[in-house]
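Everything below concerns the one structure shown next.
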Amino acid sequence: MEKHVVVILPHPDDESFGSAGSIAEFRSQGIPVTYLCGTLGEMGRNMGNPPFANRETLPEIRKQELKKACDVLDMNLQMLGYRDKTIEFEDRTEVANHLQHILEEIKPSLVITHYPGYAVHPDHNALGAAAIQAVEQMEEDHRPVVWAQAFARGFQEKLGDPDVINDVEAYFETKMDAILCHQSQAGGIIGDLKDYKALGADVLQEAKTRFGKETFYIWKFQ
């Protein structure tokens, strides 16, 4: 059993879409989970559907949405304070040192992050790379295992089959509730699935197929 899980991702909603089922499973086992969220996602293009945010109000809205999602998932939240869409321009070693300091305080047994180069968004790739560097900089005997999540087109052809395939269907409703906390973003991403409880068994099955499994690669350090 894990001792403490730390999730390191750049945006509010990354935790819910990518790993909420796994987080919910860890919490059901009494395992503490801490989310180190890189930014407020303040440069996001979605403003709600219909729109209810603007460029000035979006940062605070997304922060409150994230807090609600973390409450649903019963996990701790720490904001890292970086600016959205700029992590790739930060000095990677400085970011890694920042993360290493936090990890050495928390002492997790597992870190979940994005797989650098296979996570589509530059912030995903950059923070994933910094997170992996942070773990690599730690003393080998104290390094947590790293689960890296990939979802770029054709990633399995390059990386092979994932090492971890979590069937999280038992936590489907918790995952959807966490996703739906991100109201400014969810409608534009999941469309009609935001009303999955009212749209019948076929839509429910579509949602479970789409969100019922979470896959990760175990990072292999040299």
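For the range 50-59, give me each residue that is in a helix (DSSP H, G or I) and either of a type in the set (S, T, N, Q) or in contact (Cβ under 8 Å) with a residue 60 or more places away in the chain (or both).
58
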Qualifying positions in the range 105-129 - among the charged types (D, E, K, R) and surrounded by 19 or more Cβ atoms within 10 Å (Cβ to Cβ): 123
Count of residues meeting criterion [loosely packed, with under 15 Cβ neighbours inside 10 Å and either in contact with a Gly (Cβ under 9 Å, 6 or more places away or on another chain) or of a type in the set (D, E, K, R) (or both)] in the range 130-150: 3
Qualifying residue in the range 156-163 (condition: over 21 Å from residue 22 (Cβ atoms) and modelled with pLDDT of 95 or more): yes
Lone unmet requirement of (1) under 17 Å from residue 166 (Cα atoms); (2) in contact with a strand residue (DSSP E or B) (Cβ under 9 Å, 6 or more places away or on another chain) for residue 17: (2)
Qualifying residue in the range 59-78 (condition: at pLDDT 95 or above, among the charged types (D, E, K, R) and under 11 Å from the mean Cα position of the chain (by Cα)): no
Subset of the range 95-104 [among the β-branched types (Val, Ile, Thr) and surrounded by fewer than 19 Cβ atoms within 10 Å (Cβ to Cβ)]: 102
Conditions (1) over 16 Å from residue 134 (Cβ atoms); (2) crowded, with 19+ Cβ neighbours inside 10 Å; (3) not hydroxyl-bearing (Ser, Thr, Tyr); number of the one not met by residue 9: (1)
Test: residue in the range 1-13 that is modelled with pLDDT under 95, outside any helix (DSSP H, G or I) and closer than 29 Å to residue 212 by Cα: yes
Candidate set from the range 48-74 (those that are in contact with an Asp or Glu (Cβ under 8 Å, 6 or more places away or on another chain) and among the aliphatic types (A, V, I, L, M)); member that is nearest to residue 9 (Cα to Cα): 66
Residues of the range 92-128 that turn out to be part of a loop (DSSP other than H, G, I, E, B), under 16 Å from the mean Cα position of the chain (by Cα), closer than 24 Å to residue 4 by Cα and in contact (Cβ under 8 Å) with a residue 40 or more places away in the chain, as a count: 1
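So that you can scan it fast, the table gives a plain yes or no per residue for (1) in contact with a strand residue (DSSP E or B) (Cβ under 9 Å, 6 or more places away or on another chain); (2) in a helix (DSSP H, G or I); (3) within 18 Å of residue 175 (Cα to Cα):
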| site | (1), (2), (3) |
| --- | --- |
| 40 | yes, no, no |
| 43 | no, no, no |
| 48 | no, no, no |
| 61 | no, yes, no |
| 77 | yes, no, yes |
Residue pairs meeting the criteria (Cβ under 8 Å; at least 6 apart or on separate chains; first free of Cβ contacts under 8 Å to residues at least 60 places away in the same chain, in the range 207-218; second of a type in the set (Phe, Trp, Tyr)): 207/172; 207/196; 208/172
Hey, residue 158 farther than 21 Å from residue 37 by Cβ, surrounded by fewer than 14 Cβ atoms within 10 Å (Cβ to Cβ), in contact (Cβ under 8 Å) with a residue 12 or more places away in the chain and among the charged types (D, E, K, R) or not: yes
Index of the failed condition, residue 27 passing every other in (1) charged (D, E, K, R); (2) in a helix (DSSP H, G or I); (3) surrounded by 19 or more Cβ atoms within 10 Å (Cβ to Cβ): (3)
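The values are calculated or read from the model by the stated rules, or taken from the named source; none is laboratory data. Nothing here was measured: the structure is a model prediction, and the numbers come from that model. Ideal geometry is used to build each Cβ from the backbone, glycine not excepted, and the neighbour counts take in all protein chains shown.
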